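This report refers to the structure that appears directly beneath it.
The values are calculated or read from the model by the stated rules, or taken from the named source; none is laboratory data. As the structure is a prediction and not an experimental result, all values here were calculated from the model. All Cβ positions, glycine included, derive from the backbone under ideal geometry; neighbour counts span all protein chains shown. Accessible surface is based on the protein model in full, side chains and every heavy atom, while ligands, DNA and RNA are left aside. Shrake-Rupley method; radii C 1.70, N 1.55, O 1.52, S 1.80 Å.
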Amino acid sequence: MKIYRETDEDYDVALSRMDRRAVPDRNVRETVEKIIADVEARGDEALVDYAERFDHVHLTPDTLRVTDEELQEARAAVSDEVKAAIEASLHNIAYFSKNSMRQDWSGVNAQGCEVGERFVPYRRVGIYVPAGKAPLVSSALMTGGFALAVGVPEIVAVSPCGPDGKMNPALLYALQEAGATEIYKVGGAQAVAALALGTETIKPVEKIFGPGNRFVVEAKRQLVGAVSIDLLPGPSEVMVLADETANPAFVAADLLAQAEHGPDSVIVMVTTSSSLLEKVEEEIEKQAATLNRGAYICEVLDEHAFGFLVPTLKDGAKLANAFAPEHLVLVVNEEDEEETLAGIHTAGAIYVGNYSTVACGDFLAGPSHTLPTGGSGKSFSGIRADQFQRRTSIVRMDKAAAERSVPFVKVFAEVEGLDAHGRSLELRAES
(Lines give C-alpha, C1' and ligand atoms only; values in the text may rest on other atoms or scores of the structure.)
Protein backbone atom coordinates (compact mmCIF):
# COMPACT_ATOMS: atom_id res chain seq x y z
CA MET A 1 0.00 0.00 0.00
CA LYS A 2 1.44 3.38 -1.03
CA ILE A 3 1.29 5.77 1.95
CA TYR A 4 0.99 9.57 1.60
CA ARG A 5 1.66 11.95 4.48
CA GLU A 6 1.12 15.70 4.64
CA THR A 7 4.89 16.21 4.77
CA ASP A 8 5.48 14.34 1.50
CA GLU A 9 6.29 16.43 -1.58
CA ASP A 10 3.76 14.57 -3.71
CA TYR A 11 0.98 14.69 -1.07
CA ASP A 12 -1.06 17.41 -2.79
CA VAL A 13 -0.68 15.74 -6.18
CA ALA A 14 -1.86 12.43 -4.71
CA LEU A 15 -4.85 14.17 -3.10
CA SER A 16 -5.81 15.79 -6.40
CA ARG A 17 -5.78 12.38 -8.12
CA MET A 18 -8.40 11.23 -5.63
CA ASP A 19 -10.86 13.86 -6.92
CA ARG A 20 -12.60 11.78 -9.57
CA ARG A 21 -15.21 12.16 -12.30
CA ALA A 22 -16.69 9.23 -14.20
CA VAL A 23 -15.49 10.29 -17.66
CA PRO A 24 -15.54 7.54 -20.34
CA ASP A 25 -12.33 6.35 -21.93
CA ARG A 26 -12.23 7.28 -25.63
CA ASN A 27 -11.08 3.85 -26.80
CA VAL A 28 -13.76 2.11 -24.74
CA ARG A 29 -16.37 4.52 -26.05
CA GLU A 30 -15.47 3.81 -29.68
CA THR A 31 -15.37 0.04 -29.16
CA VAL A 32 -18.78 0.07 -27.50
CA GLU A 33 -20.27 2.25 -30.24
CA LYS A 34 -19.29 -0.39 -32.80
CA ILE A 35 -20.72 -3.24 -30.71
CA ILE A 36 -24.03 -1.45 -30.24
CA ALA A 37 -24.30 -0.69 -33.96
CA ASP A 38 -23.51 -4.32 -34.76
CA VAL A 39 -26.17 -5.69 -32.40
CA GLU A 40 -28.68 -3.22 -33.80
CA ALA A 41 -27.89 -4.35 -37.35
CA ARG A 42 -27.44 -8.10 -36.91
CA GLY A 43 -29.35 -8.98 -33.75
CA ASP A 44 -28.97 -12.58 -32.59
CA GLU A 45 -26.22 -13.25 -35.12
CA ALA A 46 -24.05 -10.57 -33.50
CA LEU A 47 -24.72 -11.98 -30.00
CA VAL A 48 -23.65 -15.44 -31.12
CA ASP A 49 -20.47 -14.09 -32.75
CA TYR A 50 -19.49 -12.09 -29.66
CA ALA A 51 -20.10 -15.11 -27.40
CA GLU A 52 -17.64 -17.06 -29.55
CA ARG A 53 -15.11 -14.22 -29.55
CA PHE A 54 -15.21 -13.09 -25.93
CA ASP A 55 -16.58 -16.07 -23.96
CA HIS A 56 -15.16 -18.83 -26.17
CA VAL A 57 -18.51 -20.59 -26.34
CA HIS A 58 -20.44 -21.76 -29.38
CA LEU A 59 -24.09 -20.76 -29.13
CA THR A 60 -26.92 -20.45 -31.59
CA PRO A 61 -29.97 -18.20 -31.48
CA ASP A 62 -31.91 -21.22 -30.19
CA THR A 63 -29.52 -21.77 -27.26
CA LEU A 64 -29.19 -18.18 -26.07
CA ARG A 65 -32.02 -18.59 -23.58
CA VAL A 66 -31.65 -20.78 -20.49
CA THR A 67 -34.14 -23.65 -20.72
CA ASP A 68 -36.55 -24.93 -18.10
CA GLU A 69 -34.52 -28.14 -17.98
CA GLU A 70 -31.34 -26.21 -17.15
CA LEU A 71 -33.20 -24.35 -14.41
CA GLN A 72 -34.47 -27.59 -12.90
CA GLU A 73 -30.95 -29.07 -12.98
CA ALA A 74 -29.56 -26.00 -11.22
CA ARG A 75 -32.22 -26.17 -8.52
CA ALA A 76 -31.35 -29.81 -7.85
CA ALA A 77 -27.60 -29.11 -7.76
CA VAL A 78 -27.64 -26.30 -5.21
CA SER A 79 -27.05 -27.24 -1.58
CA ASP A 80 -29.54 -26.49 1.18
CA GLU A 81 -27.00 -24.14 2.80
CA VAL A 82 -26.78 -22.01 -0.34
CA LYS A 83 -30.56 -21.98 -0.67
CA ALA A 84 -30.93 -20.84 2.93
CA ALA A 85 -28.41 -18.02 2.44
CA ILE A 86 -30.23 -16.84 -0.70
CA GLU A 87 -33.56 -16.94 1.14
CA ALA A 88 -32.14 -14.90 4.03
CA SER A 89 -30.74 -12.26 1.68
CA LEU A 90 -34.00 -11.97 -0.28
CA HIS A 91 -35.95 -11.65 2.99
CA ASN A 92 -33.83 -8.65 3.99
CA ILE A 93 -34.06 -7.14 0.51
CA ALA A 94 -37.87 -7.38 0.66
CA TYR A 95 -37.86 -5.70 4.10
CA PHE A 96 -35.61 -2.90 2.90
CA SER A 97 -37.64 -2.44 -0.30
CA LYS A 98 -40.94 -2.24 1.55
CA ASN A 99 -39.61 0.68 3.58
CA SER A 100 -38.03 2.55 0.66
CA MET A 101 -40.71 2.25 -2.04
CA ARG A 102 -42.51 5.44 -3.00
CA GLN A 103 -46.19 5.62 -2.09
CA ASP A 104 -49.07 7.22 -3.99
CA TRP A 105 -50.29 10.52 -2.52
CA SER A 106 -52.73 13.30 -3.34
CA GLY A 107 -53.60 16.76 -2.03
CA VAL A 108 -55.27 20.02 -3.02
CA ASN A 109 -53.31 23.09 -4.11
CA ALA A 110 -54.14 26.79 -3.54
CA GLN A 111 -56.48 26.98 -6.55
CA GLY A 112 -58.39 23.86 -5.58
CA CYS A 113 -56.73 21.46 -8.05
CA GLU A 114 -56.30 17.93 -6.81
CA VAL A 115 -52.66 16.98 -7.44
CA GLY A 116 -50.66 13.91 -6.61
CA GLU A 117 -48.30 11.20 -7.71
CA ARG A 118 -48.85 7.59 -8.71
CA PHE A 119 -46.13 4.95 -8.59
CA VAL A 120 -46.36 1.69 -10.53
CA PRO A 121 -43.72 -0.96 -11.24
CA TYR A 122 -41.95 -0.95 -14.57
CA ARG A 123 -43.47 -3.65 -16.76
CA ARG A 124 -40.22 -5.12 -18.11
CA VAL A 125 -36.70 -4.58 -16.77
CA GLY A 126 -33.31 -6.04 -17.59
CA ILE A 127 -30.73 -7.03 -15.01
CA TYR A 128 -27.07 -7.56 -15.87
CA VAL A 129 -25.15 -10.01 -13.71
CA PRO A 130 -21.35 -10.23 -14.17
CA ALA A 131 -19.80 -13.70 -14.19
CA GLY A 132 -16.10 -13.21 -14.81
CA LYS A 133 -13.71 -14.53 -12.16
CA ALA A 134 -16.59 -15.79 -10.01
CA PRO A 135 -20.38 -16.16 -10.32
CA LEU A 136 -21.80 -13.09 -8.61
CA VAL A 137 -24.80 -14.78 -7.04
CA SER A 138 -25.35 -11.82 -4.73
CA SER A 139 -25.61 -9.43 -7.69
CA ALA A 140 -28.56 -11.43 -8.98
CA LEU A 141 -30.29 -10.83 -5.65
CA MET A 142 -29.26 -7.20 -5.32
CA THR A 143 -30.91 -6.36 -8.66
CA GLY A 144 -33.61 -8.93 -9.36
CA GLY A 145 -34.58 -9.12 -5.70
CA PHE A 146 -35.59 -5.46 -5.72
CA ALA A 147 -37.58 -5.88 -8.95
CA LEU A 148 -39.35 -8.85 -7.36
CA ALA A 149 -40.15 -6.94 -4.16
CA VAL A 150 -41.60 -4.00 -6.11
CA GLY A 151 -43.71 -6.29 -8.31
CA VAL A 152 -42.11 -5.96 -11.77
CA PRO A 153 -43.91 -8.62 -13.88
CA GLU A 154 -41.11 -9.28 -16.42
CA ILE A 155 -37.52 -9.53 -15.16
CA VAL A 156 -35.03 -10.33 -17.93
CA ALA A 157 -31.58 -11.47 -16.77
CA VAL A 158 -28.42 -11.59 -18.87
CA SER A 159 -25.09 -13.09 -17.83
CA PRO A 160 -22.22 -14.72 -19.74
CA CYS A 161 -21.87 -18.50 -19.63
CA GLY A 162 -18.76 -20.68 -19.58
CA PRO A 163 -17.07 -22.29 -22.59
CA ASP A 164 -19.25 -25.37 -22.05
CA GLY A 165 -22.39 -23.28 -22.56
CA LYS A 166 -23.49 -23.67 -18.95
CA MET A 167 -24.13 -21.14 -16.20
CA ASN A 168 -23.27 -21.60 -12.54
CA PRO A 169 -26.09 -23.53 -10.79
CA ALA A 170 -26.12 -21.23 -7.73
CA LEU A 171 -26.42 -18.19 -10.00
CA LEU A 172 -29.29 -19.75 -11.95
CA TYR A 173 -31.05 -20.69 -8.72
CA ALA A 174 -30.59 -17.16 -7.33
CA LEU A 175 -32.01 -15.65 -10.50
CA GLN A 176 -35.04 -17.92 -10.28
CA GLU A 177 -35.63 -16.99 -6.64
CA ALA A 178 -35.16 -13.31 -7.49
CA GLY A 179 -38.05 -13.53 -9.93
CA ALA A 180 -36.28 -13.73 -13.30
CA THR A 181 -38.83 -14.60 -15.99
CA GLU A 182 -36.23 -14.93 -18.77
CA ILE A 183 -32.48 -15.68 -18.53
CA TYR A 184 -30.05 -15.34 -21.45
CA LYS A 185 -26.43 -16.49 -21.81
CA VAL A 186 -25.19 -13.13 -23.02
CA GLY A 187 -22.64 -10.78 -21.46
CA GLY A 188 -20.70 -7.62 -22.19
CA ALA A 189 -21.74 -4.46 -24.00
CA GLN A 190 -23.60 -6.64 -26.50
CA ALA A 191 -25.94 -7.86 -23.77
CA VAL A 192 -26.78 -4.29 -22.77
CA ALA A 193 -27.41 -3.43 -26.43
CA ALA A 194 -29.72 -6.45 -26.79
CA LEU A 195 -31.72 -5.44 -23.70
CA ALA A 196 -32.04 -1.85 -24.89
CA LEU A 197 -32.66 -2.36 -28.60
CA GLY A 198 -33.97 -5.92 -28.79
CA THR A 199 -33.06 -8.78 -31.11
CA GLU A 200 -35.02 -11.59 -32.71
CA THR A 201 -34.84 -13.53 -29.42
CA ILE A 202 -34.61 -10.84 -26.74
CA LYS A 203 -37.41 -8.28 -26.57
CA PRO A 204 -36.34 -4.80 -25.43
CA VAL A 205 -36.77 -3.74 -21.81
CA GLU A 206 -37.76 -0.40 -20.30
CA LYS A 207 -34.87 -0.04 -17.84
CA ILE A 208 -31.53 -1.78 -17.23
CA PHE A 209 -30.00 -2.47 -13.82
CA GLY A 210 -26.77 -4.02 -12.63
CA PRO A 211 -22.98 -3.68 -12.42
CA GLY A 212 -20.37 -4.64 -15.00
CA ASN A 213 -16.95 -3.90 -16.43
CA ARG A 214 -16.11 -0.64 -18.18
CA PHE A 215 -17.57 -1.85 -21.49
CA VAL A 216 -20.88 -2.72 -19.84
CA VAL A 217 -20.98 0.62 -18.02
CA GLU A 218 -20.18 2.52 -21.21
CA ALA A 219 -22.91 0.66 -23.12
CA LYS A 220 -25.44 1.70 -20.48
CA ARG A 221 -24.24 5.29 -20.75
CA GLN A 222 -24.54 5.35 -24.55
CA LEU A 223 -27.99 3.79 -24.65
CA VAL A 224 -29.72 6.22 -22.30
CA GLY A 225 -32.75 7.41 -24.19
CA ALA A 226 -33.33 4.13 -25.95
CA VAL A 227 -33.70 2.77 -22.43
CA SER A 228 -33.53 4.04 -18.87
CA ILE A 229 -30.65 2.97 -16.60
CA ASP A 230 -30.06 2.74 -12.88
CA LEU A 231 -26.55 4.18 -12.46
CA LEU A 232 -22.95 3.62 -13.58
CA PRO A 233 -21.62 0.77 -11.41
CA GLY A 234 -18.21 -0.43 -12.54
CA PRO A 235 -15.30 -2.24 -10.84
CA SER A 236 -15.56 -2.39 -7.05
CA GLU A 237 -13.82 -0.03 -4.61
CA VAL A 238 -13.61 0.76 -0.91
CA MET A 239 -12.43 3.61 1.27
CA VAL A 240 -11.83 3.27 5.00
CA LEU A 241 -11.97 6.49 7.05
CA ALA A 242 -10.76 5.79 10.58
CA ASP A 243 -9.15 7.20 13.68
CA GLU A 244 -7.21 5.54 16.49
CA THR A 245 -10.35 3.76 17.77
CA ALA A 246 -10.48 1.47 14.74
CA ASN A 247 -9.53 -2.16 15.19
CA PRO A 248 -6.51 -2.68 12.86
CA ALA A 249 -7.35 -6.34 12.32
CA PHE A 250 -10.86 -5.43 11.14
CA VAL A 251 -9.58 -2.68 8.84
CA ALA A 252 -6.96 -4.99 7.32
CA ALA A 253 -9.61 -7.64 6.74
CA ASP A 254 -11.77 -5.15 4.82
CA LEU A 255 -8.84 -4.06 2.65
CA LEU A 256 -7.92 -7.68 1.90
CA ALA A 257 -11.52 -8.51 1.05
CA GLN A 258 -11.68 -5.63 -1.42
CA ALA A 259 -8.39 -6.61 -3.06
CA GLU A 260 -9.90 -10.06 -3.59
CA HIS A 261 -11.98 -8.50 -6.41
CA GLY A 262 -8.77 -8.16 -8.43
CA PRO A 263 -6.62 -5.45 -10.03
CA ASP A 264 -9.64 -3.45 -11.23
CA SER A 265 -10.38 -2.64 -7.59
CA VAL A 266 -9.39 0.60 -5.90
CA ILE A 267 -8.56 0.43 -2.19
CA VAL A 268 -8.06 3.58 -0.10
CA MET A 269 -7.39 4.03 3.60
CA VAL A 270 -7.68 7.48 5.18
CA THR A 271 -6.75 7.98 8.83
CA THR A 272 -5.69 10.52 11.40
CA SER A 273 -3.56 7.89 13.19
CA SER A 274 -0.07 6.93 12.01
CA SER A 275 -0.09 4.14 14.59
CA LEU A 276 -3.21 2.64 13.00
CA LEU A 277 -1.57 2.73 9.57
CA GLU A 278 1.41 0.78 10.83
CA LYS A 279 -0.73 -1.80 12.64
CA VAL A 280 -2.99 -2.27 9.60
CA GLU A 281 0.03 -2.99 7.39
CA GLU A 282 1.23 -5.56 9.92
CA GLU A 283 -2.21 -7.15 10.02
CA ILE A 284 -2.42 -7.32 6.23
CA GLU A 285 0.79 -9.32 6.09
CA LYS A 286 -0.33 -11.60 8.93
CA GLN A 287 -3.84 -12.26 7.58
CA ALA A 288 -2.75 -12.63 3.95
CA ALA A 289 -0.61 -15.62 4.96
CA THR A 290 -3.79 -17.45 6.00
CA LEU A 291 -5.77 -16.79 2.80
CA ASN A 292 -5.94 -19.10 -0.20
CA ARG A 293 -5.08 -16.26 -2.60
CA GLY A 294 -3.04 -14.25 -0.11
CA ALA A 295 -0.03 -13.68 -2.35
CA TYR A 296 -2.22 -12.50 -5.23
CA ILE A 297 -4.24 -10.22 -2.94
CA CYS A 298 -1.05 -8.62 -1.61
CA GLU A 299 0.05 -7.92 -5.18
CA VAL A 300 -3.23 -6.13 -5.79
CA LEU A 301 -2.76 -4.09 -2.61
CA ASP A 302 0.81 -3.17 -3.57
CA GLU A 303 -0.39 -1.74 -6.89
CA HIS A 304 -3.90 -0.49 -6.19
CA ALA A 305 -4.08 0.45 -2.49
CA PHE A 306 -3.39 3.95 -1.17
CA GLY A 307 -3.12 5.22 2.38
CA PHE A 308 -3.51 8.87 3.43
CA LEU A 309 -2.52 10.25 6.80
CA VAL A 310 -4.69 13.37 7.24
CA PRO A 311 -4.57 16.04 9.96
CA THR A 312 -8.25 15.88 10.97
CA LEU A 313 -11.40 13.86 10.37
CA LYS A 314 -12.84 16.86 8.50
CA ASP A 315 -9.96 16.56 6.07
CA GLY A 316 -10.76 12.87 5.77
CA ALA A 317 -14.41 13.60 5.03
CA LYS A 318 -13.38 16.15 2.41
CA LEU A 319 -11.19 13.52 0.74
CA ALA A 320 -14.05 11.02 0.87
CA ASN A 321 -16.39 13.46 -0.86
CA ALA A 322 -13.81 14.10 -3.58
CA PHE A 323 -13.23 10.38 -4.13
CA ALA A 324 -16.95 9.46 -3.93
CA PRO A 325 -16.32 5.84 -2.86
CA GLU A 326 -18.63 2.99 -3.69
CA HIS A 327 -18.20 1.66 -0.14
CA LEU A 328 -17.06 3.79 2.80
CA VAL A 329 -16.16 2.16 6.10
CA LEU A 330 -16.34 4.81 8.84
CA VAL A 331 -14.76 3.97 12.18
CA VAL A 332 -14.25 6.95 14.51
CA ASN A 333 -14.81 7.71 18.18
CA GLU A 334 -18.41 8.19 19.34
CA GLU A 335 -17.97 11.92 19.91
CA ASP A 336 -17.05 12.53 16.25
CA GLU A 337 -19.16 9.86 14.57
CA GLU A 338 -22.37 11.79 13.84
CA GLU A 339 -20.59 14.98 12.75
CA THR A 340 -18.27 13.05 10.43
CA LEU A 341 -21.14 11.00 9.05
CA ALA A 342 -23.17 14.16 8.34
CA GLY A 343 -20.22 15.63 6.44
CA ILE A 344 -20.05 12.80 3.90
CA HIS A 345 -22.46 13.13 0.97
CA THR A 346 -21.06 11.25 -2.05
CA ALA A 347 -20.54 7.69 -0.76
CA GLY A 348 -22.63 4.91 -2.30
CA ALA A 349 -22.96 3.07 1.03
CA ILE A 350 -21.52 3.81 4.47
CA TYR A 351 -20.67 1.12 7.04
CA VAL A 352 -20.46 2.70 10.47
CA GLY A 353 -18.47 1.29 13.38
CA ASN A 354 -15.92 -1.42 14.00
CA TYR A 355 -18.39 -4.27 13.50
CA SER A 356 -19.98 -3.07 10.26
CA THR A 357 -18.47 -4.81 7.26
CA VAL A 358 -18.82 -4.35 3.51
CA ALA A 359 -19.18 -8.12 3.09
CA CYS A 360 -22.44 -8.14 5.04
CA GLY A 361 -23.71 -5.26 2.94
CA ASP A 362 -22.68 -7.10 -0.23
CA PHE A 363 -24.49 -10.31 0.63
CA LEU A 364 -27.10 -9.98 3.34
CA ALA A 365 -28.01 -6.69 5.05
CA GLY A 366 -30.74 -5.59 2.64
CA PRO A 367 -29.62 -2.41 0.81
CA SER A 368 -28.41 -3.14 -2.71
CA HIS A 369 -24.69 -3.54 -3.25
CA THR A 370 -25.06 -2.18 -6.80
CA LEU A 371 -23.54 1.25 -6.16
CA PRO A 372 -21.89 4.08 -8.13
CA THR A 373 -18.15 3.75 -8.76
CA GLY A 374 -15.32 5.62 -10.45
CA GLY A 375 -16.46 8.95 -9.03
CA SER A 376 -20.01 8.65 -10.40
CA GLY A 377 -21.27 8.79 -6.80
CA LYS A 378 -21.11 12.58 -7.22
CA SER A 379 -24.09 12.27 -9.56
CA PHE A 380 -25.74 8.91 -8.85
CA SER A 381 -26.90 6.92 -5.85
CA GLY A 382 -27.12 3.14 -5.56
CA ILE A 383 -30.01 0.93 -6.62
CA ARG A 384 -33.18 1.59 -4.63
CA ALA A 385 -36.64 0.06 -4.70
CA ASP A 386 -38.19 3.24 -6.07
CA GLN A 387 -35.98 2.99 -9.17
CA PHE A 388 -38.14 0.04 -10.21
CA GLN A 389 -41.23 2.24 -10.00
CA ARG A 390 -42.47 4.52 -12.76
CA ARG A 391 -43.74 7.88 -11.50
CA THR A 392 -46.77 9.63 -12.99
CA SER A 393 -48.19 12.94 -11.79
CA ILE A 394 -51.96 13.35 -11.48
CA VAL A 395 -53.98 16.60 -11.85
CA ARG A 396 -57.77 16.64 -11.39
CA MET A 397 -59.75 19.92 -11.62
CA ASP A 398 -63.37 20.99 -11.28
CA LYS A 399 -64.87 24.22 -12.65
CA ALA A 400 -64.12 26.18 -9.49
CA ALA A 401 -60.45 25.21 -9.68
CA ALA A 402 -60.39 26.23 -13.34
CA GLU A 403 -61.88 29.65 -12.51
CA ARG A 404 -59.30 30.27 -9.75
CA SER A 405 -56.45 29.22 -12.04
CA VAL A 406 -57.37 31.39 -15.07
CA PRO A 407 -55.71 34.67 -13.95
CA PHE A 408 -52.33 33.04 -13.45
CA VAL A 409 -52.45 30.82 -16.54
CA LYS A 410 -53.42 33.84 -18.70
CA VAL A 411 -50.30 35.69 -17.53
CA PHE A 412 -48.01 32.79 -18.43
CA ALA A 413 -49.77 32.37 -21.79
CA GLU A 414 -49.32 36.07 -22.63
CA VAL A 415 -45.66 36.17 -21.56
CA GLU A 416 -44.85 33.11 -23.67
CA GLY A 417 -47.05 34.12 -26.61
CA LEU A 418 -49.22 31.00 -26.34
CA ASP A 419 -52.76 32.36 -26.42
CA ALA A 420 -54.25 28.93 -27.27
CA HIS A 421 -52.95 27.70 -23.94
CA GLY A 422 -54.73 30.44 -22.06
CA ARG A 423 -57.93 29.99 -24.05
CA SER A 424 -58.03 26.25 -23.31
CA LEU A 425 -58.53 27.06 -19.61
CA GLU A 426 -60.80 30.11 -20.14
CA LEU A 427 -63.27 27.98 -22.10
CA ARG A 428 -63.62 25.64 -19.16
CA ALA A 429 -64.03 28.48 -16.65
CA GLU A 430 -66.70 30.14 -18.82
CA SER A 431 -68.68 26.96 -19.55
Report summary line: Across the stretch 268-311, the tally of residues that are within 23 Å of VAL332 (Cα to Cα), part of a loop (DSSP other than H, G, I, E, B) and of a type outside the set (S, T, N, Q) stands at 2
Query - Odd one out for ALA253 among (1) part of a helix (DSSP H, G or I); (2) touching a Gly at 6+ places or on another chain (Cβ under 9 Å); (3) among the aliphatic types (A, V, I, L, M); (4) under 24 Å from THR370 (Cβ atoms) - result: (2)
Query raised in the report: Can you find a residue in the stretch 280-292 that is within 22 Å of PHE363 (Cβ to Cβ), touching a residue at least 40 places away in the same chain (Cβ under 8 Å) and open to solvent by 70 Å² or more (accessible area, probe 1.4 Å)?
Result: no
Query raised in the report: Among the candidates TYR351, TYR355, which residue alone is of a type in the set (Phe, Trp, Tyr) and open to solvent by 80 Å² or more (accessible area, probe 1.4 Å)?
Result: TYR355
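Does VAL395 satisfy being surrounded by fewer than 16 Cβ atoms within 10 Å (Cβ to Cβ) and either at pLDDT 95 or above or not in a loop (DSSP other than H, G, I, E, B) (or both)?
Working: surrounded by fewer than 16 Cβ atoms within 10 Å (Cβ to Cβ): yes; either at pLDDT 95 or above or not in a loop (DSSP other than H, G, I, E, B) (or both): yes.
The answer is yes for VAL395.
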**Report entry** Subset of the stretch 145-156 (residues that are open to solvent by less than 20 Å² (accessible area, probe 1.4 Å) and closer than 20 Å to THR201 by Cβ)
**Finding:** ILE155, VAL156
Report summary line: The number of residues in the stretch 35-53 that are more than 19 Å from GLN222 (Cα to Cα), touching a residue at least 12 places away in the same chain (Cβ under 8 Å) and surrounded by fewer than 19 Cβ atoms within 10 Å (Cβ to Cβ) is 1
Query raised in the report: Among strands (runs of 3 or more DSSP E) lying entirely in the stretch 60-155, which contain 1 or more residues that are under 17 Å from ASP362 (Cα atoms)?
Result: 124-128
Query raised in the report: Which residues, counting only those in the stretch 157-183, are within 15 Å of GLY210 (Cβ to Cβ), in contact with a strand residue (DSSP E or B) (Cβ under 6 Å, 6 or more places away or on another chain) and surrounded by fewer than 23 Cβ atoms within 10 Å (Cβ to Cβ)?
Result: GLY179, GLU182
